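J.: Can you read through this structure? Questions will come right after.
The values are calculated or read from the model by the stated rules, or taken from the named source; none is laboratory data. Please read all numbers here as calculations on a predicted model, not as lab measurements. Neighbour counts are summed over all protein chains in view; Cβ atoms, including those assigned to glycine, are modelled from backbone coordinates with ideal geometry. Areas reflect the complete protein model, heavy atoms only, side chains present, ligands, DNA and RNA absent. Shrake-Rupley method; radii C 1.70, N 1.55, O 1.52, S 1.80 Å.
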Amino acid sequence: MEPGLHVYGGDSRVGALTQRVSHLTALKVKGDTCRTLAIPSLLEIIRKEDVVLRAILTTHHHWDHARGNEELAQLLPGLQVFGADQRIGALTHKVTHGQELTFGAIRVRCLFTPCHTSGHMCYFMWEDDSPDAPALFSGDTLFVGGCGQFFEGTAEQMHTNLTQTLGTLPKDTKIFCGHECTVRNLKFALKVEPDNEMVKEKLAWAKQRDDDDLPTVPSTLQEEFLYNPFLRLTEEPVQRFTGRTEPVEVLRVLRSERDNFKKPKERPNPQAMLAFDWGLFAPFLEK
């Protein structure tokens, strides 16, 4: 599988072009499949769809979310790259919390969610007078069944992110997160709440989707409140699991437990695993 882009589409006219190397978000891309694309293939689809890629919304600077920015910026002169962190490659427009952008009929509100990184930004998108549900591109802050690691922030920050910045969005908001780690997240959620029927149902569904090589993204915010332990900090079973009752402390313990959940004793070299995933070893494996 070559390095490229996952395409999640089919919801309104907002499509997520999420890159294996650099999870990018682009606008007005149609489709209802999940595919892996190299950048040349992405450009070919853009040509066939007769659309123009004018902007990239980058959630944070990590290489697996922003590494492809430079190449696309070189290939597409005038391409605008939005983000909140100067470490983002090819950044042309630094955005701030609450700032609103407009791309045709699509409106975007920037939601600052520092913690996973100090400059993490989520993007809430909608169209006025549209019957379609709004969408949240949550990067590595909110996942299906989980939340991001606290690499450059605190439990207090993530609590604000989840309960105030994101948790108060419309309940029908569709959550497009930056990684497909749903099954593992829900296995942890089941450990936290073994009697939660919604967790059991969602986990069974996610396992089947994985078996069928289909995406588990998006979910909805309303669904997340039913099975995502990081949004259920005041629920008695979650507090009992953590041994805490104060919500920030519940979150702190939850994240620590999730970090150590079924952690392998020896992790494979991440660069080697990435090269294998990209198919760089294929010539040596062919018979």
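J.: From the list Pro170, Pro194, Pro215, exactly one residue is open to solvent by 10 Å² or more (accessible area, probe 1.4 Å) and within 18 Å of His65 (Cβ to Cβ). Which is it?
T.: Pro215
J.: If you check every pair at least six apart or on different chains, which have Cβ atoms under 7 Å apart with a residue in the range 161-175 that is closer than 23 Å to Glu127 by Cβ and in contact (Cβ under 8 Å) with a residue 24 or more places away in the chain first and a residue that is open to solvent by 10 Å² or more (accessible area, probe 1.4 Å) and in a loop (DSSP other than H, G, I, E, B) second?
T.: Close Cβ pairs (under 7 Å, with a partner that is open to solvent by 10 Å² or more (accessible area, probe 1.4 Å) and in a loop (DSSP other than H, G, I, E, B)) amount to Pro170/Pro134; Asp172/Ala133; Thr173/Ala133; Thr173/Pro134; Lys174/Asp11; Lys174/Ala133; Lys174/Pro218; Ile175/Pro218.
J.: Only one of (1) open to solvent by less than 40 Å² (accessible area, probe 1.4 Å); (2) more than 30 Å from Val108 (Cβ to Cβ) fails for Thr220. Which number is that?
T.: (2)
J.: Have a look at Leu169, Leu136 and point out the one that is at pLDDT 95 or above and closer than 26 Å to Lys207 by Cβ.
T.: Leu136
J.: How many residues does the range 173-191 contain that are open to solvent by 50 Å² or more (accessible area, probe 1.4 Å) and either modelled with pLDDT under 95 or in contact with an Asp or Glu (Cβ under 7 Å, 6 or more places away or on another chain) (or both)?
T.: 3
The rows are residues; the columns are (1) crowded, with 17+ Cβ neighbours inside 10 Å; (2) at pLDDT 95 or above; (3) over 24 Å from Glu180 (Cα atoms); (4) polar (S, T, N, Q).
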site: Ala66; (1), (2), (3), (4): yes, no, no, no
site: Asn69; (1), (2), (3), (4): yes, no, no, yes
site: Leu72; (1), (2), (3), (4): yes, no, no, no
site: Pro77; (1), (2), (3), (4): no, no, yes, no
site: Gln80; (1), (2), (3), (4): yes, yes, yes, yes
site: Ala84; (1), (2), (3), (4): yes, yes, no, no
site: Ile88; (1), (2), (3), (4): yes, yes, no, no
site: Thr96; (1), (2), (3), (4): no, yes, yes, yes
site: Leu101; (1), (2), (3), (4): yes, yes, yes, no
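J.: Are any of the residues in the range 122-145 touching a His at 6+ places or on another chain (Cβ under 8 Å) and open to solvent by 10 Å² or more (accessible area, probe 1.4 Å)?
T.: To start, the set of residues in the range 122-145 that are touching a His at 6+ places or on another chain (Cβ under 8 Å) comprises 139-141, 143.
This time we only want the ones that are open to solvent by 10 Å² or more (accessible area, probe 1.4 Å), so: 143.
For the range 122-145, residues touching a His at 6+ places or on another chain (Cβ under 8 Å) and open to solvent by 10 Å² or more (accessible area, probe 1.4 Å): present.
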